[in-house]
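Have a look at the structure below before the remarks.
Please treat every number below as a calculation from the coordinates, not as lab data. Fair warning: this is a prediction, and the values are worked out from it, not measured in the lab. No Cβ is skipped: glycine too gets one built from the backbone with ideal geometry, and neighbour counts run over all protein chains shown.
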Amino acid sequence: MKQIVLERLVLRNFKGIRDFTLDARGANVNVYGDNAAGKTTLFDAWSWLLFDKDSENKSTGNFEIKTLRPDGTPIHNLEHEVEGMLLVDGRRTTLRKVYREKWTKTRGRVEAVFSGHTTDYFVDGVPVKKGEYEASVAAIVDEDIFRLLTDPRYFNEVMKWQDRRKTLLTVCGDLKDDEVIASRAELADLPAILGGRTIEQHRKVVLARRKEINDELERIPDRIDEANRAKPDVSGYSEDELHEKIEALKAQIDAKQAELTRIQNGGEIAEKERRQRELEAELLAIKNELQAGTLDKLAAKRQEIAELRRQAEEADYGIQERRRRIEAVEREIAELNEEAARLREEWRRVNAEQFDASSCGDANCPTCGQALPEEQVAAARQKAEAEFNRRKSERLEQINQRGKQKVAEAQRLAHEKAEHERVLAELQDVRGPRWAAVEVAEKELAELQAGMTDVAADPRYIKKQQELEAVKTEIAALRSSTVSALDKVRLELAGLRTEAELLESKRAKFDVVRRQEARIAELEQQEKELAAEFERLEHELHLLDLFTRAKVDLLESRINSKFRLAKFKLFREQINGGLEETCEVMVDGVPYGSLNNAARHNVGLDIITTLSEHYGIAAPIFLDNAESITRPLPTPGQQIRLIVSAGDKTLRVETEQSQIKEAV
C-alpha cells in the first residue's frame, strides 16, 4: 500500500495565520485551539497546496487566502505561502506554493497599479511551472481519491448518493445476474424469460404490457355490452319468409318497369326528340359563328384591363409603403438627435466636474492616529487626483464616442430617408397615368360589348328557332295522350318498391344480429387470451421482484462485510412493494443523519480504511471538530485531529511517536 504521510506543514500569511509550522513528524497529531484559531485553516492549506482548493472544494478565487484587516480589506504586498514536506513510501518530497499580488507600472504613472495575482510553484525547492507541479502532485495521488481518503465527512456529506453507490460497487464489485439467479432455485426460468434483456429492461417491458392489457380488459365488458345493445329485435320475423316475399316483389317490379318503358318509347316521340336536339345544336353553331370574333376581342380587352389595374394598384401600395418607411426613419432620426443632445449635455456636465481634495480622507494614520508625513499626504492626494482625471477622461471619451455613433447613425438614416423620398416621387409620377390607362381600357371594353351582334335578328337564326318551337309543340301533343297511362304505372311501381324496401330493412336486421354475435364471440375470446397473458406477466413480475430482493440481500451482505461499523442500505422499500435504489449509511440501524458527531467521525474513518485498502493508498486524514470523539478508529493513514480547546487562543500541537522512517 502506498504510504503518504505529512512530516511538516508551514503556513505564512495564509488566511490570517502569519507564521505557523505543523511539525507532524509523520505521526498522528492533535491540534488544539479555540474557535477561529485556525484549525480548519490547516486543512484548507493542505488542500490548497495539493489541489488549489480549500477543504470545502472551493477553488482559488472563491475563498479568501489573503490576511485581512479588521475592516475586511486585504493587507497588500504580502506573500501567502504554504509548504508541505511529505513522505511517499518513505521518500521525502517537499511542495511549496506562493500566492502573491502583481503590481505593474504603466506608462505615465509614478506608482505601480495592482493588476492581479500570480502563484509560484516549487518541488523540492526547485521552481517549476504550474503544469509540472500538478504532474508531480498527480504522481503522488489522484484528487478525487485524495478527497475520499483524507476527509471523513466527504463520502457521507459531500458526495451524492448516486456517486456513493457507484464507489461502493467499484470497491466491492457489482453482482452479475447469473450469480443472483444461481442463488435461488425459483429463478431458474428467468434467463429464458429475459430473452437477452436486462432485468430493468424486461421489467419496463412487462409493466408497460401489463398496463396495456389491464386497460384493454377494463374496456372489453363495455364493448360486449355495446354489441348486445346494438343487436336489433327480430322476434316475430322469419328470415326465409322475408326472402321469398322480397323475390316475388322483385319479379313484379321488373314487369312494371318493362311496361313503363314500352309506354315511354313511343316511335314518333323519339323521332321528334331527335330532331329537337339537332335544331338546338344548329342554333348554337349559328350563334358561335356570328359572335366568335367579338368574343375573342372581349377576352383580350378584359385581360389587358386586369394587367393595367395590377400595375396601378402596385404603384398605390408602393406609395403607402414608402410613406410608412419615411415616417419610421424620421422617428428614429428624432430619437437619435435627442440622444445626441443629451450626450452633449452630459459631456459638458462631466467636463465641469473638479477634483475634491477632501475625498482623499483623513491625514492621520488609521492605526495609531498620528499625523502622516506631508509628502505622504501630498503623494496620496496626487495619486487620487490623477486617478480622478483618468476616470474623468475615460468618461468624456466614452460619451464622445457614443455621441459620434448617434450622429453617424442619424446621417445614415437621413440618406436612407432621401432614397425613400426619391422612390416615392417616382411612384407618384407613374400612378396617375396608370389609372388613366385603366379608365381608357374599360371604356373600350364597354364599346365592344355594345357593338356585339344580336343573333336574335339574324334570318337564319330566326328560321331555325321557329322550327324548334314547332317540334316542341308536336312532342308535347304526342306525350299528352300517354300521361295518364304513365302516371298509373309509375304509381304502382312506387308502391311495389316501397314494400320491397320495407321487407329488405327487416331482413337486414338478421345480418346485423349475426355481425354483433360474431363480435361478442371475438371479444370473449380476446378476454380469455388477455387474462392468460396477464397471469403470465404477473408471474414474470414476481420472478423479477424475487431476483431484485435476492440481489439486494447478496449485494448488501457483500458490501457490508467490507466494513467494521458502516452498514449500507442500497434499496428502499416503496409503498407499492417495489424497490428504489438509494445509498444510505447506517450504524447499528441508525441512519447517518441521526448519528452523533463521534459516530459520524468513526464511521467516516471506517469507510476511509476500506477505501484505502481498495485503492492501495494511505493518506493523511484531517478530523475537524475531533473533540467529540474520544476513541477514533485506527486507520492505515496518519490522523490529524483538529480539536476545539477554549483555553488555547493560539494553536497547540501534540504529536504521537512516529513509527514511519525516511527511506535512505
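The stretch between Asn228 and Asn400 holds 53.0 nm of extra length on full extension. This uses 0.36 nm per residue minus the Cα-Cα distance.
Shape summary: the range 294-453 maps onto an equivalent ellipsoid whose semi-axes, from the alpha-carbon gyration tensor, are 78, 11, 9 Å in decreasing order.
Tell me, in nm to one decimal, what length is gained between Glu200 and Ala408 on full extension, where the rule is 0.36 nm per residue of separation less the Cα-Cα distance? Intermediate values should be presented prior to the final figure.
Numbers: separation 208, 0.36 × 208 = 74.88 nm, distance 6.71 nm.
This chain segment gains 68.2 nm when fully extended.
Counting each DSSP H run of 4 or more residues in the chain as -39500 (n - 2.57), what helix-only mean residue ellipticity at 222 nm follows after dividing by all residues, to the nearest 500 deg cm²/dmol? Don't skip to the end; give the middle numbers.
On the way: 13 runs with 394 residues, N = 664.
Calculated at 222 nm, the ellipticity per residue is -21500 deg cm²/dmol.
Per 0.36 nm of contour for each residue apart, how much would the distance between Glu573 and Trp161 grow if the chain were fully extended, relative to their Cα-Cα spacing? Length gained, Glu573 through Trp161: 146.7 nm. Helix 374-450 and the longest principal axis of the Cα set of the chain meet at an angle near 10°.
What FRET efficiency do you get for Arg460 and Ala299 if R0 is 25 Å and r is their Cβ-Cβ distance, rounded to the nearest 0.05?
0.50
Simple spin-label estimate for Arg91 and Arg323 gives 9.1 nm between the two label positions (7 Å along the Cα-to-Cβ direction from each Cα).
Taking only Cα atoms, what is the 0 to 90° angle, nearest 10, from helix 267-351's long axis to the longest principal axis of the chain? The angle comes out at about 20 degrees. If R0 is taken as 30 Å, the Cβ-Cβ distance between Arg331 and Glu353 corresponds to a FRET efficiency of 0.35.
Taking Cα centre as origin and charging only the Cβ of basic (Lys, Arg, +1) and acidic (Asp, Glu, -1) residues, the dipole magnitude of the chain rounds to 2240 debye. Can you find, among Asn35, Leu605, Thr548, the residue sitting farthest towards the positive end of the charge dipole of the chain, where Lys and Arg contribute +1 and Asp and Glu -1 at Cβ? With unit charges placed on the Cβ atoms, the residue in question is Asn35. Stokes-Einstein, applied to the Kirkwood radius of the range 194-276 over Cα pairs at a viscosity of 1.306 mPa s and 10 °C, places its translational diffusion at 78 µm² s⁻¹. The computed Kirkwood radius over Cα pairs in Å for the structure shown corresponds, within (1) 25.9; (2) 27.9; (3) 39.8, to (3). Once the Cβ-Cβ distance of Arg342 and Ala138 is raised to the sixth power relative to R0 = 45 Å, the FRET efficiency obtained is 0.20. Looking at the range 99-170, the trypsin sites (Lys or Arg not before Pro) that sit in a DSSP loop and have at most 12 other Cβ atoms within 10 Å of their own Cβ are Lys105, Arg107, Lys129, Lys160.
What is the angle, in °, between the Cα long axis of helix 130-140 and the longest principal axis of the Cα atoms in the chain? Nearest 10 is fine, range 0 to 90. That helix lies at roughly 80 degrees to the long axis. Using Cβ point charges alone (K and R +1, D and E -1), the dipole size of the range 285-345 about the Cα centre works out to roughly 400 debye.
Here's the picture: a label point sits 7 Å out from the Cα of Arg631 along the beta-carbon direction, and within the range 535-574 the residues with their amide nitrogen under 17 Å of it are 564-566. Choose one of Val137, Gln574, Met159: the residue whose Cα lies farthest towards the positive end of the charge dipole of the chain (beta-carbon charges +1 Lys, Arg; -1 Asp, Glu; about the Cα centre). In the chain, that residue is Val137.
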